[in-house]
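Okay, structure first, notes after.
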Amino acid sequence: MCGIVGAVAQRDVSPILMEGLKRLEYRGYDSAGIAVLNANTMLERVRVAGKVGDLEQILIQKPLQGGTGIAHTRWATHGKPSVNNAHPHICREQVALVHNGIIENHEKLRQTQIRQGYEFHSDTDTEVVVNQVYDYLSRGNDLLTAVINTLDMLEGAYALGVISRTESGRLIAARRGSPLVIGIGIGEHFIASDVFALLPVTQQFIFLENGDVADIRRNRITIYDANRQVVKRPISVSELSLDTVDKAGFRHYMLKEIYDQPTAVVETLEGRIVNGLVDETAFGMDAARIFDSVQALQIVACGTSYHAGLIARYWAEAIAGIPCNVEVASEYRYRRSVVVPETLFITISQSGETADTLAALQLAKRSDYTSTLTICNVAESTLVRESDLIFMTRAGVEIGVASTKAFTTQLVALLLLILVLGRRHGMSQETERQIVSQLEILPGRINAALELNDQINMLAQQFANKHHALYLGRGTMLPVAMEGALKLKEISYIHAEAYPAGELKHGPLALVDEEMPVIAVAPNNKLLEKLKSNLQEVRARGGRLYVFTDSNTGVEASSDVQVLKIALVDDYIAPIVYTVPLQLFAYHIAVLKGADVDQPRNLAKSVTVE
């Protein structure tokens, strides 16, 4: 999603803004731009439809210098990727503005402004905002008042950074819906969409709350809440370091993050296991009391996190014996749902800023849920701040748009949750110890899966010219197959769909021929024989099979069957282990196709608008 960087300082801020944009590239974008107030308090701007590297090349030839500035990476919503639609937007050479989010009433504001004589140079919803700020400035208001008055007219979500020729050394920031942080310096201050952008200049941050407006100058910050009362927001010190976001010698961030997974799982488990049992205070000091009353679960998430929730549903009902409903956040928030008494509402998100998931949480807090719990990877995120119970996955920074280690650590977190709930619903301590012992050896099992990398690469070479793929799974392996198909779609642009293997004859089998490869996730479990029958149906129709299985299944390679044998693992951790080869499979296919692995086209890391 779009990225914002801004700064007010006694030094040239252009290098700071450009470094910030580079660090926000992982969010996904299609254009970029920068604007500064120069020594003569004139606004200077450069924009490109393309990458930050393209912007940097222009600035080498035409450098910008100034102590106040804003910059932006844009992910197109209103208006196609183009220079005119790129941010920052400027009105009459007086005001410059960057914006994340969507202004829902932009068309109405546009028509009013056209009648007032404003000319529009873009197709974006953002241009009405900068025009409105200018309009209030032209009436004699200062920049802060002009922005606040403008905000009162806006419907929708936004994070804003605004500067003006009339007040050099002043930056106004505002947040409603889209995340925004303030970086604290000495004689200088900064804003950004997330802390990663500002790590080179500070490790102290203020996280703006919904409705906040910040008046930022070099030597002071004043924050106003949604009621426009002056408030103090706490300063947080980030534990992230500059090398956190390095590739560490790997070709892509995604590959590094796939290989990070054994360590990430160790971090997720660290301090959460005591004497072979789960320490439920990992979910919050009040967790035990809340869990005592939980009789059902409602999980809401998006994308990869939704797949994690689907696997958790199997665990919840098989291990803990409690009903569990899982729903895509964008569907949940727009339908009338019935809340079962004593239901725990669970959100899952890597970033903690996913717009639909946040909206679902707000809806849940107005409903009759027992409590809310989030499983998240970003401690300072909105989901974490607004949930009753919190479990941090500790996966570390994930730069690749296609989620990998966030997913596997979410699964670990969910399995720990099911265990502490299972205690209250008849699960024996022996069963808990057995599953915990499997979690403790999980990092080693993931390492063993990573050692199959060369074999997986060889399989991938047969896929570089494919246009479609069908993934099959049963039980907990169905969501794993869904996640594998999603990874292939995301980074290699191959159309892939996942189906329950038992549904083959209800439609998908019509697609199977020698041009439709079928990937089956087939560990040795109680559904194996059923799955084998489904695979024979594929072979009988000339389909080519790629089977991810283990050595005890009896599935052997042949002319039309490729087999990748994974070490035998317990049923409970099998979904986590089998995910890893599918990640590598998608990765190698994408590399062979020459795709942009870390920043796939049209996608954003954190979806902070609808």
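The values are calculated or read from the model by the stated rules, or taken from the named source; none is laboratory data. This one's a predicted model, so the numbers in the text were calculated from it and none came from an experiment. Counting neighbours? That spans all protein chains shown, and the Cβs are built from the backbone with ideal geometry, glycine included. Ligands, DNA and RNA are stripped out before the accessible areas are found, and what is left, the full protein with its side chains, is counted by its heavy atoms. Shrake-Rupley method; radii C 1.70, N 1.55, O 1.52, S 1.80 Å.
Some points to look at:
- Amide H contacts under 5 Å for Tyr546: Val518, Ile519, Ala520, Gln562, restricted to partners 5 or more places along the chain or on a different chain, H placed in the peptide plane at 1.01 Å from N.
- Accessible area in the full protein assembly, largest first, 1.4 Å probe, for Glu107, Glu529, Glu25: Glu529, Glu107, Glu25
- Extension gain from Thr112 to Arg366, taking 0.36 nm per residue of separation minus the Cα-Cα distance: 87.9 nm
- The stretch 125-260: antiparallel DSSP beta bridges as a percent of all, rounded to 5: 100 percent
- Take every DSSP beta bridge whose two residues both sit in the chain; close to 60 percent of them are antiparallel.
- Accessible area ranking (1.4 Å probe, heavy atoms, ligands and nucleic acids excluded), largest first, for Lys232, Lys487: Lys232, Lys487.
- Taking every alpha-carbon pair under 8 Å whose residues sit at least 6 apart, the chain reaches a relative contact order of 12 percent.
- Using the Cβ of Gly484 as centre and a radius below 12 Å, the other residues enclosed give a net charge of -1, where K and R count +1 and D and E count -1.
- Solvent-accessible heavy-atom area per residue, rounded to whole Å², over the chain at 1.4 Å: 38 Å²
- For Ala76, the residues whose amide H sits under 5 Å from its own are Asp30, ignoring neighbours fewer than 5 places away on the same chain, with H placed 1.01 Å from N.
- Charge tally for Gly169 (other residues, Cβ to Cβ under 14 Å; Lys, Arg +1; Asp, Glu -1): +1.
- Spin-label model, Asp54/Val266: points 7 Å from Cα along the beta carbon direction are separated by 4.3 nm.
- Part-to-part distance (alpha-carbon centres) for the stretch 25-67 and the stretch 120-199, which is given in Å: 17 Å
- Note on Glu267: accessible area approximately 90 square angstrom, rounded to 10, probe 1.4 Å, nucleic acids and ligands left out.
- A simple packing score, the average count of other Cβ atoms within 10 Å per residue, orders the peptides 112-120, 74-82 as 74-82, 112-120, with the highest score first.
- Once the C-beta distance of Met153 and Glu497 is scaled by a Förster radius of 45 Å, the resulting FRET efficiency is 0.55 to the nearest 0.05.
- Within the shell of other residues whose beta carbon sits under 13 angstrom from the beta carbon of Arg394, the net charge comes to -3, with Lys and Arg scored +1 and Asp and Glu -1.
- Solvent-accessible area, 1.4 Å probe, carbon plus sulfur percent, for the chain: 47 percent
- Its DSSP H runs of at least 4 residues, each contributing -39,500 (n - 2.57), put the calculated 222 nm mean residue ellipticity of the chain at -10000 deg cm²/dmol, to the nearest 500.
- Per-q log10 I(q)/I(0), the chain, q = 0.09, 0.12 Å⁻¹ (Debye; single scatterer per alpha-carbon; no solvent): -0.74, -1.19
- DSSP bridge orientation in the stretch 259-407 - percent antiparallel, rounded to nearest 5: 10 percent
- Val340 contributes an accessible area of around 80 Å² to the protein surface, as traced by a 1.4 Å probe with all chains present.
- For the chain, the membrane-span-like helix rule (DSSP H, alpha carbon extent of at least 27 Å along the helix axis, mean Kyte-Doolittle at least 0.0) picks out 574-593; this says nothing about an actual membrane.
- Solvent accessible area, Å² - Met482, 1.4 Å probe, full protein context: 50 Å²
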